[in-house]
Amino acid sequence: MGRKKIRRKKKNGFKKFWKLGFEELNTQHFDINPDGELVVREGNFQYNIYDIVKKYGTSTEIVFPTIIESRVRDLIDTFNAYIKILSYRGRFYYHYAMKANQNKEFVLPVIAEGANLDVSSANELFVVKQMIEQDKFNAKIRVTCNGPKTERYISLIEELRNRGLIVIPIIENHDELERLKKFKGEVGIRVNMDIKIDAHFDKKYNRFGFLEEDLLKIGKVRNLSTLHYHISSQIEKIDGFLKPIKRALGIYHKLKEKNPALDTLNIGSGAGIPFEKSKKLYSLKNLVNQIIKTAKNESDRLQLKHPNLIVEWGRYVVAPAQITIFKILTEKAIVNRTDKKWYVIDGSFINDLADTWGIHQRWHIIPVNYMNDKKLNKVWLAGSSCDSDDKYTASGSYIVLPHLSDTDDLYIAVLDTGAYQDSLASHHCLLSSPMKLIATNGEIKIARKRETPEEIGRLFGW
Ligand SMILES: *Cc1c(COP(=O)(O)O)cnc(C)c1O
């Protein structure tokens, strides 16, 4: 009895040490088995990640569609619950920002849970067209169209609208306004608000949408249903959501004088992911509660009918649904540093986790095996391309991993890699992209194999 207790305490100690099992960190599905290996649960199914990568090799990405489904469901349910609790009179629409991840394995589960879509280019809308042609859509699905509208993009919007899809172009400049003058469906208009919040993507000079004063000069816009803004991604404080809502409702109020059919406020995105696991972000409930409360109080103050609300959260839904696994190939000394070592991975940060060097993204990185090891090294990770920027140092800090001398093969998992990394991926040094596996209903399916040398060569004309 006594011994058992001690063992359990130790095991939970490691689980806590690697920050697994915490809902607020999106690691509630992750655990360590008695052999010190990473397992991921889906209901009562369980995936042993170590066994999977021994079978399929690395580098490998594993997608968990049920995580996507439960996040979409939770998001929609939470908004609808607070709309009811707070007696908000508008409706809620969730639009998945497809640019966060356009892979079929991500988009289909999102739609299955009742999400609408937000596309950012003609080619994303073309994927929507293909789904319509396969008769995959409930005709009620709504699609908002952001991004610069090329002629090809606008003709596709018109074509899909003529086929009965509710497709809502978001007008971002005078040329688009002119071109869409005769568009028969509802349209939205995007405002570039003069407001600053504390977030990486909130640039000093934003180029998306109309300046406030220009927007208010436009007057009447045919079939205008929606005022749209998108301030930033990964907003860290709730106030970064609330300030823009108040300001936008002021603009909405003025726009409505000449556009009485205006009935929807699209607040874009901003919902963040606690990638680093060191600082907690807001909870979904608290965020949604305050969004609805603010929209309600401000609308009441302006004597406005409560607008319908749209959010276009992308990364919030998909980031936690994928992990990326690498093998440690070797260790190396770091010149002039004895406190840390390089661990070289069989993949590339530059190629496959591009936000690492693009925006200095911090990641939650854990071992896949030897998770119960007590002796740990402080390490920096080096990618397999020959580029000196292909590295992960946790912004000049370090991560800890087991000693290589104590292990046969050491694998690591990077968590929360489901947003943006795939579409930004590249082939520096002609390295192959990771294999993509889908974990669903207790089984592993191959979605995309690792590229062969022939396939990679073909991409470059060989
Ligand atoms: C990128 C983008 C989003 C999604 O942002 P996330 O941070 O992934 O949630 C939503 N709306 C617009 C207009 C965007 O450009």
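No lab work stands behind these numbers, since they all come straight from the coordinates. This structure is a prediction, so every number in the text was calculated from the model and none was measured. Glycine also receives a Cβ, built like all others from the backbone with ideal geometry; neighbour counts cover every protein chain displayed.
Couple of notes before you dig in:
- The residues MET371, MET193, when put in order of fewest to most other Cβ atoms within 10 Å, stand as MET193, MET371.
- In segment 66-313, a dipole from Cβ-located charges (positive for Lys and Arg, negative for Asp and Glu) runs towards its positive end, and of ALA261, MET98, GLY185 it is ALA261 whose Cα lies farthest in that direction.
- Nearest-0.05 FRET efficiency for LYS196 and ARG337, computed from C-beta distance (R0 45 Å): 0.75
- Two-site label geometry, ARG179 and LYS129: point separation in nm, points 7 Å out along Cα→Cβ: 1.4 nm
- Amide H contacts of LEU329 (H built 1.01 Å from N, under 5 Å, at least 5 apart or other chain): VAL344, ILE345, ASP346
- Here the 3J(HN,Hα) profile of segment 154-164, calculated from phi with Karplus coefficients 6.51, -1.76 and 1.60 at θ = phi - 60°, is 5, 5, 5, 4, 5, 4, 5, 4, 5, 8, x Hz, Gly and Pro shown as x.
- Qualifying trypsin sites (Lys or Arg not before Pro) in segment 148-198, where qualification requires a DSSP coil assignment and no more than 12 other C-beta atoms within 10 Å, comprise ARG163, LYS181, LYS182, LYS184.
- Within the chain, all pairs of alpha-carbon atoms sorted by distance into 20 Å bins from zero give the percentages 23, 52, 23, 2.
- Label positions at GLU454 and ASN441, each projected 7 Å from the Cα along the C-beta direction, are separated by 3.3 nm.
- Once the Cβ-Cβ distance of ASP387 and GLU23 is raised to the sixth power relative to R0 = 45 Å, the FRET efficiency obtained is 0.75.
- Amide H contacts under 5 Å for SER121, placed H, 5+ residues apart: none
- With 21 Å as the limit, the listed pairs LYS15/LYS374; LYS19/LYS196; LYS99/LYS391; LYS55/LYS332 have LYS19/LYS196; LYS99/LYS391; LYS55/LYS332 beyond it between alpha carbons.
- Selected from VAL221, MET131, ILE235, residue furthest toward positive end of dipole (segment 66-313; charges at beta carbon): VAL221
- Here the chain is treated with +1 on each Lys and Arg Cβ and -1 on each Asp and Glu Cβ, and its dipole about the Cα centre works out to around 1560 debye.
- Segment 248-318, dipole about Cα centre (Lys/Arg Cβ +1, Asp/Glu Cβ -1), debye to the nearest 20: 220 debye
- Based on DSSP H segments of at least four residues, each scored -39500 (n - 2.57), the chain has a per-residue ellipticity at 222 nm of -9500 deg cm²/dmol.
- Calculated from backbone phi, Karplus (6.51, -1.76, 1.60) coupling profile of segment 371-376 in Hz, x at Gly/Pro: 6, 8, 5, 8, 8, 10
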